[in-house]
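Visitor: Attaching a single structure in structure tokens format; questions to follow.
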Amino acid sequence: MQSNKTLLTSSVLIIVTILITIFLTACGGGSSSSSPAATAAILDTDGDGVGNNIDTDDDGDGVLDVDDAFPLITLGGLTDTDGDGRPNACDAACQAAGMTADTPSSAALQLPTSLVILKTEGE
Ligand SMILES: [Ca+2]
Ligand SMILES: [Ca+2]
Ligand SMILES: [Ca+2]
């Protein structure tokens, strides 16, 4: 026959085991949480089947997220000469989407290096 102390210890162990199980389940429990679009809750802006959590180009416009001024708004075919995700000119649809055009100053910063060298060598 078990003593009350033994019963209490057993009960505490069972409760701790249940709490650990619940905690591990809530944290993902080591399941493959990195698979593409593993759950419907993961956003896939460009609908290419790769969730934004691991997609390197969320809007699918060819400008990688790390370089894209608007990573969740596609260029939609607009010309982006310097490839920063900010179009050279922003039409009404572009502005309605929340984007802005490249400013002349930021475009000037993107001059090809060769042109800059030619200018300094001529002085
Ligand atoms: Ca995607
Ligand atoms: Ca992009
Ligand atoms: Ca641009």
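Visitor: Quick one: net charge around D80, please, counting Lys, Arg +1 and Asp, Glu -1 for every other residue with C-beta under 9 Å from its C-beta.
Guide: Local net charge: -3.
Visitor: Name the residues whose placed amide hydrogens come within less than 5 Å of the amide hydrogen of D80, ignoring near sequence neighbours (fewer than 5 apart) on the same chain.
Guide: Under 5 Å from the amide H of D80: N88.
Visitor: Another question, then. Using modelled amide H (1.01 Å from N, peptide plane; none on Pro or chain starts), what sits under 5 Å from the amide H of D48, excluding residues fewer than 5 places away?
Guide: Amide H neighbours of D48: none.
Visitor: Out of residues 5 or more away from A101 or on other chains, whose amide H comes under 5 Å of its own, with H placed 1.01 Å from N in the peptide plane?
Guide: C90
Every number here is computed from the coordinates shown, using simple stated rules; none is lab data. Here the structure is a predicted model, which means the values were calculated and not measured. Every residue, glycine among them, receives a Cβ derived from its backbone with ideal geometry; neighbour counts consider all protein chains shown.
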